[in-house]
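Read the figures in this text as sums done on the coordinates, not as results from a lab. Since we're looking at a predicted model, the values are computed, not measured. FYI the Cβ positions are ideal-geometry reconstructions off the backbone, even for glycines, and counts take in every protein chain you see.
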Amino acid sequence: MTTISQPDDATVAGMGEPARSRTTRRVRGLSDRTIAWLFVAPTIALLLAINIFPLVWMIRLSFTSLNLSMSYLPLRFVGLDNFTDILGDEDVWMRLQTTAQFVIWSVTFQVIIGFGLALLINRQFRGHSFWTTIILLPMMLSPAVVGNFWTLLLQPQIGPFNSLISLFTGVPPSAFSMTGQVSLAPWTIVLVDTWMWAPYVMLICLAGLRSIPDYIYEAAEVDRASAWRQFWSITLPMTVPFLMLAVLFRAIENFKMFDMVNLLTSGGPGSTTELVSITLKRAAFEKWRTGYSSALAIILFVTVFGAANIYVKALNKVKQR
Amino acid sequence: MTAATSTAHSIVEASPRSKALAGALVILYAVITILPLLWIVATAFKSQSDAIAYPPKVIFEPTLEGYVNLFTVRTRQTPDFIAKLPPPETWYDKLVRQRDMVIAGPSKVVPRFVNSLIIGFGSTFLAVFLGTLAAYAFSRFRIPLADDLLFFILSTRMMPPVAVAIPIYLMYRQLNLTDTRLGMILLYTAVNVSLAVWLLKGFIDEIPREYEEAALVDGYTRLQALRKVVLPQAVTGIAATAIFCLIFSWNEYAFAVLLTSGEAQTMPPFIPFIIGEGGQDWPAVAAATTLFVVPIVLFTVLLRKHLLRGITFGAVRK
């Protein structure tokens, strides 16, 4: 701190070896404007090279019939054929529906559990900080590793999950398979995703709850508002912007979901849990239909981007209120 | 607070009974939520037969077989052959021979772990370096279209990873970057730099400009002021950002599985394919998972204060 408040010439001059002071002298002439561009340019360049250039290339490919397993064929432009194929394909619509259901249910459960936990933790009982950290652990893990070890936990006979359920309900553990049964598999991916991400919603809601100043509750107390009333007219409305932020982040992430589900069910049984990212992976990296999958990727990106934009606008409106 | 404590049932200061109830419910949830992880840690210490026993075993005799299997490749031999061998030199040789097997060499887990470390630290260093420079510029200078640029930086993160992997795969094939550490480092840097810029901008915004301005008045150049005044103040924020980037690269699966197959493969695509005789070697998989997860648990505890910022791209700060 002392060097900041009173830097004498000695500290500046004695900054080290002659080589370093030579560099400093050279850049002394740089204007703020130059420095700003020098600082921002590498990041922008990297993103252009790794994100934008490939994106543009992909847009071009989406108008071709390129198939990497037959890449000896000359590149043929097919116009909008890939797009019309995809949008007219009932299977793709089914996959989008599966994805939408997965997003809606998992986010709903995460909001209910996350918000509930946040309300409870906000009571500030003893040791709440330690238990909060424990609850947060699942969301920090690798989704792929999570998907993989849940396959063990959910094995009908050797996994503990079915035995636990059987303990409470009396249904024999081998009578059902969480990942192998058409009726259960979609709920299984929702269950594991909720296990993983409910803490995420909790953490954001907790921030929302803590942002409410005490005096509002004190005023409500003076007015003899019931706890129920306080919840509906103070707690909930003031946490809504935070809640919506959590929903936005989770919905985008789950719409793109690939890793956890790919390892947990790999889309099966049949295609009951085949999310659209898994369809995309199969088209691109198993059937090698690069042109087709580029078009699908663009459709997905536009969907995420469009939905996110609409949602952010709604979010801003809520914030203004 | 005094006004609150006087009214017994205020939400501001909850009554002891409601606190106890809330505590009990949260602890119950925490215990249930941690059970799957504990089961995996326990499975790592089971023998192959205990790991796949029906009904599942809660009490078992612990063994290090899982860890030994994780680190070695073994071949099955006849008991006669094993009897003829010289006595085992190490405890793990002994353990393996009890199963009529002989260690044939090290498994690929160490190279995969090293890949995870190199790619993780490499991309984190680059992303934080680039991110700090860009964040400082966005925070302190007037950059035309700054908001648009920041939004552009964020939007690169909205692409589904599988979609990004399609053109990257083609591009890397042309550039000979497929299945190389350099290729993965560049890719993860590009993904992480958006997080780094957004988080670090928040942290640098919080450092009062007056400190630098005083330094500038005293004859420091911009770069000197950045290095000697701003960076020391931003050190916690930079560390937190670095840990977030590291966790992302450490955990990433989609790019890793689609763009690497051997040389540059990291742990997440490797772990599910640890195979024993007749399918997945669960004790070894569990051992790998445990070793893989321990650093994340430590980081989570370290990051507690900044977790919220990190997961919301700095949108929520407290």
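Looking at the structure I just gave you, is B:Phe113 surrounded by fewer than 21 Cβ atoms within 10 Å (Cβ to Cβ) and out of contact with any Cys (no Cβ under 9 Å at 6 or more places or on another chain)? Judged against the criteria, B:Phe113 is a match.
Residue-by-condition table, conditions (1) more than 23 Å from the chain's Cα centre (by Cα); (2) facing chain A (nearest Cβ under 7 Å); (3) under 22 Å from B:Leu258 (Cβ atoms):
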{"site": "B:Arg112", "(1), (2), (3)": "no, no, yes"}
{"site": "B:Ser116", "(1), (2), (3)": "no, no, yes"}
{"site": "B:Ile119", "(1), (2), (3)": "no, no, yes"}
{"site": "B:Leu126", "(1), (2), (3)": "no, no, yes"}
{"site": "B:Phe141", "(1), (2), (3)": "yes, yes, no"}
{"site": "B:Leu150", "(1), (2), (3)": "yes, no, no"}
{"site": "B:Val193", "(1), (2), (3)": "no, yes, yes"}
{"site": "B:Leu200", "(1), (2), (3)": "no, no, no"}
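Against the test of being surrounded by fewer than 19 Cβ atoms within 10 Å (Cβ to Cβ) and either more than 10 Å from every other protein chain (Cβ to nearest Cβ) or closer than 30 Å to A:Leu73 by Cβ (or both), the options A:Tyr292, A:Tyr311 yield a single qualifying residue, A:Tyr311.
What residue, of A:Ile189, A:Ile278, is buried (at least 19 other Cβ atoms within 10 Å of the Cβ) and at the interface with chain B (Cβ under 10 Å from one of its Cβ atoms)? Outline the logic, then answer.
Details: A:Ile189 fails: at the interface with chain B (Cβ under 10 Å from one of its Cβ atoms).
None of the other options fit; the residue is A:Ile278.
Filtering the range B:219-229 for residues that are surrounded by fewer than 20 Cβ atoms within 10 Å (Cβ to Cβ), among the hydrophobic types (A, V, I, L, M, F, W, C) and not in a loop (DSSP other than H, G, I, E, B) leaves a non-empty set. Restricting the search to helices (runs of 4 or more DSSP H) fully inside the range B:57-116 and requiring at least 3 residues that are under 17 Å from B:Ile274 (Cα atoms) gives B:65-71. Do the conditions hold for B:Phe292, that is, is it facing chain A (nearest Cβ under 7 Å), in contact with a helix residue (DSSP H, G or I) (Cβ under 6 Å, 6 or more places away or on another chain), farther than 26 Å from A:Ile204 by Cβ and not hydroxyl-bearing (Ser, Thr, Tyr)? Judged against the criteria, B:Phe292 is a match. Filtered by the rule that a residue be free of Cβ contacts under 8 Å to residues at least 60 places away in the same chain, within 13 Å of chain B (Cβ to nearest Cβ) and in a helix (DSSP H, G or I), the range A:56-100 gives A:Val56, A:Trp57, A:Arg60. Filter the range B:241-271 for residues that are under 23 Å from A:Trp288 (Cβ atoms) and part of a helix (DSSP H, G or I) and give the result. B:Ala254, B:Phe255, B:Ala256, B:Val257, B:Leu258, B:Leu259, B:Pro269 - these are the residues of the range B:241-271 that are under 23 Å from A:Trp288 (Cβ atoms) and part of a helix (DSSP H, G or I).
So how many residues does the range B:296-318 have that are assigned to a loop (DSSP other than H, G, I, E, B) and either in contact with a strand residue (DSSP E or B) (Cβ under 9 Å, 6 or more places away or on another chain) or of a type outside the set (A, V, I, L, M, F, W, C) (or both)? Before the answer, list the steps.
From the range B:296-318, those assigned to a loop (DSSP other than H, G, I, E, B) are B:312-318; that's our starting set.
Still in the list and also either in contact with a strand residue (DSSP E or B) (Cβ under 9 Å, 6 or more places away or on another chain) or of a type outside the set (A, V, I, L, M, F, W, C) (or both): B:312, B:314, B:317-318.
Final tally of qualifying residues: 4.
When only residues in the range A:33-49 that are more than 13 Å from B:Phe138 (Cβ to Cβ) and either within 7 Å of chain B (Cβ to nearest Cβ) or of a type in the set (S, T, N, Q) (or both) count, which is surrounded by the most Cβ atoms within 10 Å (Cβ to Cβ)? Among them, the one singled out is A:Leu47. Just to be sure, is A:Ser271 touching a Lys or Arg at 6+ places or on another chain (Cβ under 9 Å) and either surrounded by fewer than 22 Cβ atoms within 10 Å (Cβ to Cβ) or in a helix (DSSP H, G or I) (or both)? Yes, satisfied.
On the basis of being surrounded by 17 or more Cβ atoms within 10 Å (Cβ to Cβ), within 30 Å of the chain's Cα centre (by Cα), at the interface with another protein chain (Cβ under 7 Å from one of its Cβ atoms) and within 30 Å of B:Asn69 (Cβ to Cβ), does B:Ile52 make the cut? Explain how you work it out, then say what you get.
Details: surrounded by 17 or more Cβ atoms within 10 Å (Cβ to Cβ): yes; within 30 Å of the chain's Cα centre (by Cα): yes; at the interface with another protein chain (Cβ under 7 Å from one of its Cβ atoms): yes; within 30 Å of B:Asn69 (Cβ to Cβ): yes.
Judged against the criteria, B:Ile52 is a match.
For the criterion of being part of a helix (DSSP H, G or I), within 7 Å of chain A (Cβ to nearest Cβ), surrounded by 18 or more Cβ atoms within 10 Å (Cβ to Cβ) and in contact (Cβ under 8 Å) with a residue 40 or more places away in the chain, B:Ile166 fails.
Filtering A:Leu141, A:Leu137, A:Leu184 for residues that are within 30 Å of B:Ala256 (Cβ to Cβ), touching a Leu at 6+ places or on another chain (Cβ under 9 Å) and surrounded by fewer than 20 Cβ atoms within 10 Å (Cβ to Cβ) leaves a single hit, A:Leu137.
Screening the candidates B:Asp80, B:Asp100 for the property of being in contact with a strand residue (DSSP E or B) (Cβ under 7 Å, 6 or more places away or on another chain), over 13 Å from B:Asp281 (Cα atoms), more than 14 Å from chain A (Cβ to nearest Cβ) and not hydrophobic (A, V, I, L, M, F, W, C) yields one hit, B:Asp100.
Just the residues that are part of a helix (DSSP H, G or I) and among the small types (Gly, Ala, Ser), please, taken from the range A:232-268. Write out each step before concluding.
Initially, the range A:232-268 is screened for residues part of a helix (DSSP H, G or I), giving A:232-255, A:259-264.
Selection gives A:Ser233, A:Ala246, A:Ala251.
Among all positions in the range B:242-258, there is no residue which is away from chain A (no Cβ under 11 Å), among the charged types (D, E, K, R) and in contact with an Asp or Glu (Cβ under 9 Å, 6 or more places away or on another chain).
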